[in-house]
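Please treat every number below as a calculation from the coordinates, not as lab data. Since the model is a prediction, treat every value here as computed from it, not as a measurement. No Cβ is skipped: glycine too gets one built from the backbone with ideal geometry, and neighbour counts run over all protein chains shown.
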Amino acid sequence: MDVGKKHLEKAARERTRTARELLGPTGNKAPLTACYLMHTGMQCALKFRLLIQYGVTTTQKLRSRLPPEVFERLFQSRHGHDLMTLSDYAKLRRLLDARQMRSLIQGRVWKRMAEPSRPYSLRYGVESVPVGNAQDEVALGELLIKLLLE
């Protein structure tokens, strides 16, 4: 499937908006689902950033710029869901350093969001997410996605 920048940007924004809506005004409608959607929104935003970095508009154009094993790792394997792997390739740390915001990914919230078992632990309900944690994750995800999509 050939996914473009527009698709990834739209998906990231929609998942962010829906995650926020799921928390609702009281913050406790569906914390697990909100975290899952935020995770997928982060995946989309990081992949969007990869397209920008390589100066291409679609994943198929990116395929020709990356070694086959790297493309497969990011787009055709479970690693394509791993926020740490994606953030390394998308150079999230460098982006945050340039804005003097590295601390965003040095705390417990990012560590929880980038846990290797995710998004599967959220998708299948193996992990429980307290409302406060969900609120923190959605807030951090919103900020990171905003920065990634700039």
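Computed from the alpha carbon atoms alone, the convex hull of the stretch 1-80 holds 80 Å³ per residue. For Asp2 and Arg78, what does the FRET efficiency come to when R0 = 22 Å and r is the distance between their Cβ atoms, rounded to the nearest 0.05? In this case the efficiency is close to 0.60. Relative to the dominant Cα principal axis of the chain, helix 5-23 is inclined by about 10°.
Each Cα pair under 8 Å and six or more residues apart adds its separation to the average, and for the stretch 1-53 the resulting relative contact order is 44 percent. Residue order for Ile52, Ile105, fewest other beta carbons within 10 angstrom first, comes to Ile52, Ile105. In this simple spin-label approximation, Arg93 and Ser117 carry label points 7 Å from Cα along the Cα→Cβ vector, and these lie 2.5 nm apart.
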